[in-house]
Amino acid sequence: MADPTIAGGRAWTFDAPVIACGFDRTGIGAFACGDGTLRFFVDEQEPASISLHAGAILALAVHPGGGFLTGGDDGRLVHTIPGGESRILFEQKGKWIESLAVSDATGLVAFTLGKEAVVLDASQVVGRFTHPSTATGVAFDPKGRRIAVSHYNGASLWWTKSSTQTPTVLNWKGSHLGITWSPDGKFLVTTMQESALHGWRIEDAADMRMTGYPSKVKSMAWEHRGKVLMTAGAPQVIGWPFTGRNGPMGREPLEVGPEGEAIIQVVATHPEFDLVAAGTADGRVWMQWIGEEEAGTVARDLPAISCMAFAPDGSSLAVGTEQGFAAVLDAA
Amino acid sequence: MSSPVSAPVPVTVLTGYLGAGKTTLLNRILTEQHGKRYAVIVNEFGEIGIDNDLVVDTDEEVFEMNNGCICCTVRGDLIRILGGLMKRKEKFDAILVETTGLADPSPVVQTFLVDDDVKARTRLDSVTTVIDAKHILQRLKDSKEAHEQVAFADQLILNKTDLVSKEELARVERVIRQINPIAPIHYTQRCAIELDKVLDRGAFDLSRALELEPHLLDDGEHDHEHEIDIHSVSLSTSQPLDANRVTSWLQGLLQQKGQDILRMKGILDIRGRDERLVFQAVHMVMEGDFQRPWKEGEKRFSRIVFIGRNLDEAELQAGFAACVA
């Protein structure tokens, strides 16, 4: 296999798989790895490594109050300020923390823990919500007052600040694996075990089936206006329009990017522009302006792409791979 | 520069009725000095008493795939946990999955046949069923799951042989062979067995398929005291088969009878092909491929073994005979 090639930027090879990557508000980037370390990079420096978890890190999010949150297969949720301290916010041995969500509106943090979803504020647990099967994904509504949790046969909606309540349950048969709330608050979309997405219009629980993928969809991202949901799982990025009352119902999705063979594993959307980045199973990263013909390959011959994230100012794109190769690529 | 993609990790599924000795076998595997690194996935109600970071608890979460196939159930928890284990920096030599004593083994097996991520990173090495020689006959009288666990096995560990007489053991073996004529049997006491006889056997691996010699019983040997509702049918011929006819016959059969067919394994001699066609199925999910060529001078044959319920031997025989090219 050819050596990894990147068009511009910096690259490193870590000795562990990269599971997730992201940037905090100040533009400090981080890679979360399968050996429990978080590796930071600032400007031209070599990444600093800090060991946070006993096993693998399974989830990474930007903390609303600054720094990063990580969840691991050691049952810990850790808050880390780059260059500062790291603090265990929650710990339950024997459980995995595989999914994290944060709300900038309320500063709340939510994560999944077995069949539960747990909500924390700055100092303590404010809610624990139990489901009939494993909670696989969690998302906040735009106001940060509700969470939606995906599980077998649908999703459950909970008010974060109410201790006794019956959840609103949205039913759809099958195993739902991840969840996102539309930025306008009107729709919920889950990824499924089958090669499909499922959506609900929240006001009346109307179902939306989004099918036709050749492979499981493992990544979704809203374009910067919050009106199109960009998704992986096909050789091109599939973008579902969520404008109007009916969202994508009865409409054709956008197909963005070159027609290749390799399945897209990860998608990322630019914070300011109509720009989509895609990372494929065969180690290629390309970016394309929505509506234009030509995609620009920014990296190729990498191991399978496992994660991507744009910097908050859109100047760079962090890319992680299953084999430890990681890069921060020049973007836009 | 990028490291080679690692080979799929072998997974051994351990089934067996409560008290058969699964936990003893697991403890043995985990404590023996073998220099290997194993991850163990146990059910939440298990009794494993080992504090080991590599033991993961799970609640068996079975769900039906939305693929129009009503018996295609898989274990969602297993897909999730196997995916999570593969994210770790350290890699495992093998993964063991313990199922609850009351579990039907088909969802766990089908998980390895239908999920692309699981297929890419792991391979099902074998379904190993631990049997309590003293109590199995009683269990088979009152438990559907006990039948299924024996039927699904790629290999059987007949344990607690010290607790039964020679005659009882022979009887147990006869009953087991009525349900599953192809799985090798290991005889043990306190599950004492060399681990390399249990792990990394490639029993589910088509490319290592054996000659599939069923242990056929003379009719007089059948144990009529037991209401065995699962039985096996073995078909064979030395005439080559027609590829199209056999494919459509098998597909039709699985569509109609897949719920009743627990397992099916076969080696086929296809007219016009120099390689053996090897396949297997679990309920409606079938996988198969052309494997190694027939050797020079090797006697070519086609053989299919069905293990299931309500199998109509005459009908199967007729369907098979119609596939001869």
- prompt: For the stretch B:262-313, what does the alpha-carbon gyration tensor say about shape, rounded, prolate or oblate, given a ≥ b ≥ c as the root eigenvalues, a/c under 1.5 as rounded, and a/b over b/c as prolate?
  reply: prolate
For the pair B and A, total buried accessible area rounded to nearest 100 Å², probe 1.4 Å: 2600
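Might you tell me the accessible area per residue for the protein assembly as shown, computed with a 1.4 Å probe and given in Å²? Could you put the intermediate results ahead of the total?
On the way: 27350 Å² over 657 residues.
Accessible surface, normalised per residue, equals 42 Å².
For peptide A:170-183, what's the mean number of Cβ atoms from other chains within 10 Å of each residue's Cβ?
2
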query: So which lysines pass the test for B:K22, namely a Cα distance under 17 Å, with those fewer than 8 places away in the same chain ruled out?
result: B:K134, B:K160, B:K197
- prompt: Which Cα, out of B:V285, B:I131, B:A20, lies furthest along the positive dipole direction of chain B (beta carbon charges, K/R +1, D/E -1)?
  reply: B:V285
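Nearest 500 deg cm²/dmol is fine: what mean residue ellipticity at 222 nm does the protein assembly as shown get from its DSSP H runs of n ≥ 4 alone, each adding -39,500 (n - 2.57), divided by its residue count? Provide the component values of the computation, followed by the final result.
Working: 10 runs with 93 residues, N = 657.
Result for the protein assembly as shown: -4000 deg cm²/dmol, rounded to the nearest 500.
Taking 8 Å as the Cα distance limit and 6 or more residues as the minimum spacing, I'd like the relative contact order of chain A as a percentage.
Working: 967 pairs, mean separation 47.3, N = 332.
Reported relative contact order: 14 percent.
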query: Which values of log₁₀ I(q)/I(0), to two decimal places, follow from the Debye formula for chain A at q = 0.08 Å⁻¹ with a uniform point scatterer at every Cα?
result: -0.34
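What order, most packed first, do the peptides A:70-82, B:124-136, B:26-38 have when packing is the mean number of other Cβ atoms within 10 Å of each residue?
Numbers: A:70-82: 22.4, B:124-136: 24.5, B:26-38: 14.0.
Ranking, from highest mean packing down: B:124-136, A:70-82, B:26-38.
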- request: Note every residue of the stretch B:80-110 with a reduction of at least 40 square angstrom in accessible area, all protein chains present versus the isolated chain, computed with a 1.4 Å probe, or write none.
  value: B:R80, B:K87, B:R88, B:K89
- line: The alpha-carbon center of the stretch A:179-197 and that of the stretch A:271-332 are separated, in whole Å, by 22
- request: Would you mind listing how long the protein assembly as shown runs along its three principal axes, going by Cα atoms, in whole Å with the largest first?
  value: 80, 54, 52
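Past 28 Å, Cα to Cα: identify those pairs from A:K115/B:K87; B:K36/B:K265; B:K119/B:K257; A:K161/A:K186; A:K173/B:K265, in the order given. Show your work: numbers first, answer last.
Numbers: A:K115/B:K87 21 Å; B:K36/B:K265 31 Å; B:K119/B:K257 25 Å; A:K161/A:K186 20 Å; A:K173/B:K265 32 Å.
Flagged as over cut-off: B:K36/B:K265; A:K173/B:K265.
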Chain B: relative contact order as a whole-number percent, Cα under 8 Å and 6+ apart: 17
message: Could you tell me which residue out of A:T80, A:G94, A:T106 lies farthest along the dipole of the stretch A:24-119 toward its positive end? Charges go on the beta carbon: Lys and Arg +1, Asp and Glu -1, centred on the Cα centre.
response: A:G94
task: Determine the shape class of chain B: with a ≥ b ≥ c the square roots of the Cα gyration tensor eigenvalues, call it rounded for a/c under 1.5, and otherwise prolate if a/b is greater than b/c, oblate otherwise.
output: oblate
- line: Share (percent) of C-alpha pair distances in the stretch B:229-321 greater than 19 Å works out to 35
query: Peptide A:303-316: average number of partner chain Cβ atoms within 10 Å per residue?
result: 1
- prompt: What is the mean number of Cβ atoms from other protein chains located within 10 Å of the Cβ atom of each residue in peptide A:93-105, rounded to a whole number?
  reply: 1
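Quick check on packing: order A:156-169, B:192-205, A:260-273 by the mean number of other C-beta atoms within 10 Å, highest mean leading.
On the way: A:156-169: 14.3, B:192-205: 16.2, A:260-273: 19.9.
By packing density, highest mean first, the sequence is A:260-273, B:192-205, A:156-169.
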- line: Carbon/sulfur accessible area of the protein assembly as shown, % of total, 1.4 Å probe, equals 47
statement: Interchain or sequence-distant (5+) residues whose placed amide H lies within less than 5 Å of the amide H of B:E275 are B:W294
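The values are calculated or read from the model by the stated rules, or taken from the named source; none is laboratory data. The structure displayed is predicted, hence computed values, not measured ones. Cβ atoms come from the backbone with ideal geometry, glycine included; neighbour counts cover every protein chain shown. Surface accessibility is based on the protein's heavy atoms, side chains included, excluding ligands, DNA and RNA. Shrake-Rupley method; radii C 1.70, N 1.55, O 1.52, S 1.80 Å.
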